[in-house]
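The values are calculated or read from the model by the stated rules, or taken from the named source; none is laboratory data. The model shown is predicted, which means the values in this text are computed figures rather than measured ones. All Cβ positions, even for glycine, are placed from backbone atoms using ideal geometry, and neighbour counts span all protein chains on display. Note: areas computed on protein heavy atoms with side chains; ligands, DNA, RNA excluded. Shrake-Rupley method; radii C 1.70, N 1.55, O 1.52, S 1.80 Å.
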Amino acid sequence: MAKILIIGEHDGKTLNPSTHKCVTCATGIPGAEITVLLLGADTAAVAAQAAAIQGVNEVVRVDRPENAHPLAATFAPQVAAVASGYTHLFGPSTSFGKDLTPRVAALLGVPQVSDLMAVEGAHRFRRPIYAGNAILTVEADPARLLVATVRVASFAAAPTGGSAAIVSRTLNVALPTHTRYVGAHTGSTDRPDLQTAKRVVSGGRALASADNFKILFALADKIGAAVGASRAAVDAGYAPNELQVGQTGKIIAPEVYLAFGISGAIQHLTGIKDARTIVAVNKDPEAPIFEVADVGLVADLFQVVPEMTRLLGG
Amino acid sequence: MKKIMVCIKRVVDYNVRVRVKPDETGVMLEGVKMSVNPFDEIALEEALRIKERGTNAEVVAVSIGVADTQQQLRTALAMGADRAILVQTEQPVEPLTAAQTLLAVAKKESPDLILLGKQAIDDDANQTAQMLAALWDRPQATYVSKLAIDGAKATATREVDAGLETIEIDLPAVISVDLRLNEPRYVKLPDIMKAKKKPLDVIGLDSLGVAASTWLKPVKTAAPPQRQKGILVKDVAELVDVLKKKGLL
């Protein structure tokens, strides 16, 4: 039997869909008994959401004022304290999980498997290496706690409708004061979230300015899409960092990915290879993006994007 | 700020298109160009800028790997590191082992700051900085795109999924750097000559009391599934038509 502890990700109000995806990954392990752990200042609302995920057996809440912001140095000793008695510890492969889980693993003296993309057995998994140019099958020691992050683009979100028990725990763990939260700057938007959107409109360096990116936002709003960007576009300051798609940005799996003026560097392609349909519009017929695109159009994006927006209007 | 330790990994060069071996035991590395992990180059550049801002901190580049890793440490010395340490081993080094090794070096060197890349572009593990900070029992700031040092404190801006997050940490600390922190300098020829005279110590992994454990057994390395080549459309009207027929718009 596998006792799996999943570190839930949330902002205090809403449980991040990465948690639902970790549950789907965990249910692939034979005999999985799943607990979701939530740390926060007040996790009542998100605990109710976690308890409703099908496949979750139990939700553990650890509420204390120091947990108001997800600092890895503060969270790690608490997660490590809860993890004893479990066979697996999963976190999402998001900036939250990637920051936290290795710190927990090291505290427990065990290795970590990053970016699980497929479960082949209780201790056998597949994960991408070399920006997804190779897929490694790896086997971990069944005698040790298995710590892993789950590549969220590889798993569908587990459905809701369950009703797990919710338990509150008080941990006698000393917390460090050497790490302090100062503030956040987030691009608040009404658009769908890039990591979970069904449609994504994305732009590259060819957009040539932050102002020109507005034509992509107009198209995205017309079709209810999230907006993404290549590293080149983010480096040039045309789009904020949270929009970056690729090996070092976000790995996404939308139903359709519309790439405008993106040449298709390997590092970018690794972020979109799970998209069901890739559409590429580029002036350069030799652009590598056309090698992976399901539908390609060799044309100037500055003509294509406004025309598409117009054709889809009304 | 007296000393900054920068961790360097030798990896397949960023521009090499990596191919899987036909027998699926790994990727083809023979004759392939090897370089400093690009993220570690950014870490080194940041250390040099902190030094040049007047702290005059000593910059120590540390790597773990095969004997040829000296090439990458010479590059680090040419960029401006003051000295280098190679912890030599012929075994593959997993992130936990790397963190244990770097901890052993940090205990000897007592740096005020350890800088390294957020991930290596070979295994893409994204673990070593966090593990090292945990073992050292010191703060970590990962995915840092802006860093300000003020006495015994640092303020770090981190690139997170929602945007940017700022944290304040006490030094000593471990910082993992992201792409936009800086643009590394180019190495000039006279610097390469100078680097040959800088100290590069080679020590054995076992001399640090660390065993190169294989915690995770690689079973096989396969090529990723290839996408089918798609169709080209002639204009926007046809593009919209195709996408509507697929039920995507």
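Per residue of chain A, the DSSP helices (runs of n ≥ 4 H) give a summed -39500 (n - 2.57) that works out to -7000 deg cm²/dmol at 222 nm. Within chain A, DSSP assigns beta bridges of which about 20% are antiparallel (rounded to the nearest 5). Other protein chain C-beta atoms within 10 Å of residue C-beta, averaged over B:214-227: 6. With protein chains left intact and a 1.4 Å probe, residues in the protein assembly as shown average 41 Å² of accessible area per residue. Applying both filters, DSSP loop and at most 13 other Cβ atoms within 10 Å, to the trypsin sites (Lys or Arg not before Pro) of the stretch B:24-130 gives B:LYS33.
Of all DSSP bridge pairs formed entirely within the stretch B:3-219, close to 40 percent run antiparallel.
For the stretch B:1-50, GluC sites (Glu not before Pro) meeting the loop criterion (DSSP other than H, G, I, E, B) and having at most 11 other Cβ atoms within 10 Å: B:GLU30. B:ASP23 sits with roughly 100 Å² accessible to a 1.4 Å probe, with DNA, RNA and ligands left out of the calculation. The stretch B:1-55 and the stretch B:105-122 have Cα centres lying 13 Å from one another. Shown in residue order for the stretch A:265-276 are the 3J(HN,Hα) couplings computed by the Karplus curve 6.51 cos²θ - 1.76 cosθ + 1.60 at θ = phi - 60°: 4, 3, 5, 6, 4, 5, x, 10, 5, 8, 5, 5 Hz (x for Gly and Pro).
Cross-linked pairs A:LYS3/A:LYS273; B:LYS118/B:LYS217; A:LYS214/B:LYS234; B:LYS146/B:LYS197; A:LYS198/A:LYS283; A:LYS21/B:LYS118: Cα-Cα separations exceed 28 Å for A:LYS3/A:LYS273; B:LYS146/B:LYS197.
On association of chains B and A, roughly 6700 Å² of accessible area becomes buried (total for both chains; probe 1.4 Å).
Measuring gaps between exposed loop sites in chain A (GluC sites (Glu not before Pro); DSSP loop; at most 16 other Cβ atoms within 10 Å), the longest gap, sites not included, is A:1-254. Over the stretch B:1-98, how many pairs of lysines fall under 26 Å by alpha carbon, counting only those 8 or more apart in sequence or from different chains? Close lysine pairs found across the stretch B:1-98: 6. In the protein assembly as shown, the portion of solvent-accessible area held by carbon and sulfur atoms comes to 51 percent [1.4 Å probe, whole percent, DNA, RNA and ligands not counted].
Residues whose amide H falls under 5 Å from that of A:GLN112, counting only those 5 or more places apart or on a different chain, are B:LEU96, with hydrogens built in the peptide plane. Of all complete DSSP H helices in chain A, those with a Cα span along the helix axis of 20 Å or greater and a mean Kyte-Doolittle hydropathy of -0.5 or more are A:95-108.
Counting Cβ atoms of other protein chains within 10 Å of each Cβ in A:38-48 and taking the mean gives 0. For the stretch B:1-32, the list of trypsin sites (Lys or Arg not before Pro) that fall in a loop by DSSP and count at most 12 other C-beta atoms within 10 angstrom reads B:LYS2, B:ARG17.
Put a dot 7 Å past the Cα of A:LYS283, heading toward its Cβ, do the same for B:ASP23, and the two dots end up 5.0 nm apart. Computed from Cα positions, the angle between helix B:38-50 and the longest principal axis of chain B comes to roughly 40 degrees. Cross-link partners among aspartates and glutamates for B:LYS244, C-alpha distance below 20 Å, same-chain residues fewer than 8 apart left out? Qualifying aspartates and glutamates at Cα under 20 Å: A:ASP221, A:GLU255, A:ASP294, A:GLU307, B:ASP235.
Computed over chain A with a Gaussian network model linking Cα atoms closer than 10 Å, the most mobile of A:SER84, A:SER202, A:SER93 is A:SER84. Counting only alpha carbon atoms, the long axis of helix B:95-109 and the longest principal axis of chain B meet at about 20°.
Can you list the aspartates and glutamates whose alpha carbon is less than 20 Å from that of B:LYS196, not counting same-chain residues fewer than 8 positions off? Qualifying aspartates and glutamates at Cα under 20 Å: B:GLU41, B:GLU45, B:GLU58, B:ASP68, B:ASP82. Bridges between two residues of the protein assembly as shown, per DSSP, are antiparallel at a rate of about 35%. The angle between the Cα long axis of helix B:70-79 and the main principal axis of chain B comes to about 80°, on a 0 to 90 degree scale.
Distances between placed amide hydrogens fall under 5 Å for A:HIS10 paired with A:ASN16, all partners being 5 or more residues away or on another chain. Summing +1 for each Lys or Arg and -1 for each Asp or Glu, what net charge is found among the other residues whose Cβ lies under 10 Å from the Cβ of A:GLY91? That sum, taken over residues with Cβ under 10 Å, equals -1. Mind jotting down the distance between the C-alpha centroids of the stretch A:138-215 and the stretch A:76-94, whole Å? Each part's Cα centre sits 16 Å from the other's. One Cα centroid belongs to the stretch B:136-203, the other to the stretch B:78-94; the line between them spans 17 Å.
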